[in-house]
Every structure is written in structure tokens, then in C-alpha cells.
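The values are calculated or read from the model by the stated rules, or taken from the named source; none is laboratory data. Since we're looking at a predicted model, the values are computed, not measured. Virtual Cβ from ideal backbone geometry, glycine too; neighbours counted across all protein chains shown. We work out accessible area using only protein heavy atoms, side chains counted, and drop any ligands, DNA or RNA first. Shrake-Rupley method; radii C 1.70, N 1.55, O 1.52, S 1.80 Å.
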Amino acid sequence: MAASMYCLRTVVHGCQRHIVKQPGFVIPSTSSKTKWGALRFYVIPAGVKRPAKKLTIEEKPKVMITKEELQEKRKDTSRMKPYGFTAWKPVDDVYVARYYPKQTIQPEIAVEMLKTFQRLDFTRPDQEVYLQLKLDMKLEKKRKVDPFVGYVLFPFPFVKKLNKVLVFTEKAEDIEVAKNNGAAVGGTELIPEILNDDVQADFYIATPDILPKLNLLKNKLRKKFPKTKRGSVGNDIANMIKLFENVYEYIVERECFIRIKIATLDMPLEHIVANMNTLIKDVSQHKPMEFGPFVETAILASATSESLYIDFQKFLLQESAKSEEN
């Protein structure tokens, strides 16, 4: 009997010890084994408001960086990698382009690459070569260069068909000169025909005496309307016709972009580079050099190839040198 009572006390003592050490308890109404510790089953009395939680995390205002500041940070070559990019140059042949700065190529190498693309893709050898320029239109005191229309005469023309030129004049000698040079000519009697699209031309030139009588054509011709700044108004009819028969027109689109054909891919390398040089120099004349370079980026491409960023700085060296001498 004594032995049995001793065993019973030992069992009860051990069970009590395990119950005291266990911090939680099991809800008998559920079959899960989740342990709940130190639960207080009461609610906030009615009419007592719960204190609002205080936010200790302070949000720092985002600092916006301007385009000019971003360009300045990326010019710092002492950094291990350019600001906002992975590295200065990709190591592998295949890479994600947006993680690296744009790699510029020398114009001669870019033209050779376009010729190689044409041979590998079996496309037309006489396809057009395009040059796209992005311009910095900013001037001082929030002023900008107005979008303009320009004309360039390439040293190596690539279009066999001449432009159609129409001359506005009322002088008999100018009419005869225009006809001898193969241009269409007329006076105010051509205004109704132009308004009705019966007569069309690539370029319109005029003599100064008839220009005030052509105001009805301003809305119709718009940028093709004869103007002194564009060289389409003057008394030297013969030279004006020769100029506009071979000239190429470029227009500033989307406020800061110019895209124009400069050659065909079957032309010699030297001819394509010379036409490129002529266009960039002609465009740069529309903004004074004292406000910084006018051309920001130059992209070369053919009709069926990818776009290549070219290094055009050497085309501006002569122009900048002249400005320093002056």
C-alpha cells in the first residue's frame, strides 16, 4: 500500500511540473494544435477611444535631377561606372543596351558596317542612307530656336531626277531666262491654279516686285512660300533655278529632330562621309556657337539596317576653330 501511494505521488508531482512549465493552453473547442499564450478576453469599454498610432518613419522627399545634371554626372570618368549604368562598356557580345551608355562609332566604320549588313541580308545595294540629328534648341533666358526649314547642296548628289521649280515673275526678260533654264514660270494668273492643286512644284521662287501679290498663297504653300531668308527671293533667276534644282530640303520635326537622306549605300565611302559633313555643318549654322553645340546626337542608318550612333565631333572642329579666331 505504501509503495502504491509513493508511485501515485510521483506521477502527480511530475504532471504538475509539466503543467506549470507550459505557457499556453489549447482551446478545447478546436481540433488544432495551436498554442495560445497570455490571452486577455476583454474589450475596450464603450465610449473610450483607442489612441492613434504614431508614425515614427519619416518619408524623405525625392530629389529630382535635371537632364543637365545627369549628363554632368555621367561625364565623370573617374567613377568605377557611369551614373545610372552598369559599366562603361559591355564585356560580352550580347548585352542589354539600356544598362550601358550609348557607344558611338566613327563615321567611316559605321558606313562600312552598313555595307556589311546589306551584303549579309541580301538587300538592295542602292538603298537610301539616312542621317537623323537631335538638336539642342535652347537659347538664353528660356528662349528656343524656332523650328526651321533648311536647304543643303550636297557635294555628291545621289538623286538623278531634278527638282521641279516654279518661278513667279512679271518681267519679260526674267520669264525668258526661266524658260531657257527649264523652269515653269508665271505671274498672278497661277494663283487660282495653285490653290486648286492644278499646278504643283517642289520649290517656288519669286522676284521681289511680285512677292506682295502672292499673299493668298501663304496658307497653301506654307513652308514652301518664297522667302528672302531661304534664298528663294531674288533677281538672279538663273542661279536660283540651278540651286533649287539640285538642293535637298530638311525640316525640324517634333521640335528638335531632323531626318534626311544623305546618300545611297552603293556610293563610295568618301562620298557618303562628305555629304554627312556638309549636312552637319549646314545645320549648325542655324544656332550661334556661343550658346553651345547645336547637334546633340547623330544616328546613321540605311533603309533596312539598324541605327548606329556616330561620333560627329570632328565635323565641328573647323567651325569652332573659326569662331575662336574671330
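Using the heavy atoms of the protein chains alone and a 1.4 angstrom probe, what is the accessible area of segment 142-256 per residue in square angstrom? With all protein chains present, segment 142-256 gives 60 Å² per residue. Classified by the C-alpha gyration tensor, segment 153-287 has a prolate form. Its axis ratio a/c, with a ≥ b ≥ c, is 1.5 or above, and a/b is larger than b/c.
Local charge for Y250 was computed over the other residues whose Cβ lies under 9 Å away, with Lys and Arg +1 and Asp and Glu -1, and equals -1. Taking the charge dipole of segment 95-199 about its Cα centre, with +1 at Lys and Arg Cβ atoms and -1 at Asp and Glu Cβ atoms, the residue from Q106, G187, P157 reaching farthest to the positive side is Q106. Amide H contacts of S232 (H built 1.01 Å from N, in plane; Pro and chain starts excluded): K227 sit under 5 Å, all sequence-distant by 5 or more or on other chains. Among the listed pairs K220/K314; K138/K223; K171/K224; K142/K242; K102/K287; K67/K89, which are separated by more than 30 Å between their Cα atoms? K220/K314; K142/K242, as the Cα separations exceed 30 Å there. Karplus-derived 3J(HN,Hα) values for segment 83-98, using 6.51 cos²θ - 1.76 cosθ + 1.60 with θ = phi - 60°, are 5, x, 10, 7, 7, 6, 9, x, 8, 8, 6, 10, 7, 7, 5, 6 Hz; glycine and proline are entered as x. Put a plus charge on the Cβ of each Lys and Arg, a minus charge on the Cβ of each Asp and Glu, and nothing anywhere else: the dipole of segment 120-210 about its Cα centre is then about 720 debye.
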